[in-house]
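Novice: What follows is a single structure, and I will ask about it in a moment.
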Amino acid sequence: MDGLLDLGRAVLAAQPFSLHVGAELVRLESGEAEIVLAIEPHHGQQHGFVHGGVLAFLVDNAVTFAGGSVLGPKVLTQEIKVSYLRPARGDRLVARAHVLHSSKRQAVCRCDVFSVEGDEETMCAAGMGTIMATDAPSTT
């Protein structure tokens, strides 16, 4: 397994909330990240769809991992925006993020979130995020 992916998985494993929701980092390359989440009943809202907060969580984490892959491991989300396109339901969610532009201290990233039923992917959310490099001490 590649060192960047190993580092990313260690960072994700150090996030109690990420463990609680069941997120799995499946790909991390320079400028790109992919997170998968098996949909469970506790991810739902009152209409039976995945709660929007779960989708926002995926956007936040995916853009941060994508941005961190070019800025280094000491990063924080500066801002995110999420557009909900359609209700999320199915077997799992897949969040794919990539860096649109980066400088020494900042990366602007896009993330598309798909709900997956069998082999069929349906885009359910789109997000943008700005990731900033920080001098904060690492917790891992």
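Novice: Filtering the range 45-57 down to residues that are of a type in the set (Gly, Ala, Ser) and assigned to a helix (DSSP H, G or I), which residue is farthest from Ala10 (Cα to Cα)? Write out each step before concluding.
Specialist: To start, the set of residues in the range 45-57 that are of a type in the set (Gly, Ala, Ser) comprises 48, 52-53, 56.
Next, from what is left, pick out any that are assigned to a helix (DSSP H, G or I): 52-53, 56.
On the way: Gly52: 26, Gly53: 23, Ala56: 21 Å.
The qualifying residue farthest from Ala10 (Cα to Cα) is Gly52.
Novice: Name the residues in the range 1-42 that are within 13 Å of the chain's Cα centre (by Cα), in a strand (DSSP E or B) and closer than 25 Å to His101 by Cβ, would you?
Specialist: Leu25, Val26, Arg27, Leu28, Glu32, Ala33, Glu34, Ile35
Novice: With the checklist (1) surrounded by 14 or more Cβ atoms within 10 Å (Cβ to Cβ); (2) more than 14 Å from the chain's Cα centre (by Cα) in hand, flag the one item Lys104 doesn't pass.
Specialist: (1)
Novice: So, one more: Looking at Arg89 and the list (1) surrounded by 14 or more Cβ atoms within 10 Å (Cβ to Cβ); (2) more than 15 Å from Leu37 (Cβ to Cβ); (3) not small (Gly, Ala, Ser), which single condition is not satisfied?
Specialist: (2)
Novice: Output the residues belonging to the range 83-108 that are out of contact with any Lys or Arg (no Cβ under 7 Å at 6 or more places or on another chain), aliphatic (A, V, I, L, M) and under 15 Å from Ile131 (Cα atoms). Steps first, please.
Specialist: From the range 83-108, those out of contact with any Lys or Arg (no Cβ under 7 Å at 6 or more places or on another chain) are 83-96, 99, 101-108; that's our starting set.
Applying the additional criterion that residues be aliphatic (A, V, I, L, M) yields 85, 88, 93-95, 99, 107-108.
Residues satisfying the conditions are Val99, Ala107, Val108.
Novice: Looking only at the range 16-26, count every residue that is crowded, with 17+ Cβ neighbours inside 10 Å and within 22 Å of Val70 (Cβ to Cβ) and tell me the total.
Specialist: At the first step, the residues of the range 16-26 found to be crowded, with 17+ Cβ neighbours inside 10 Å are 18, 21, 23, 25.
Within this subset, residues satisfying the condition of being within 22 Å of Val70 (Cβ to Cβ) are 18, 23, 25.
Selection size over the range 16-26: 3.
Any read-out appearing in this document is the output of simple, stated calculations on the displayed coordinates, not a laboratory observation. As the structure is a computational prediction, the values presented were derived from the model and not from experiment. Here the Cβ is made from the backbone with ideal geometry for all residues, glycine too, and neighbour counts use every protein chain on show.
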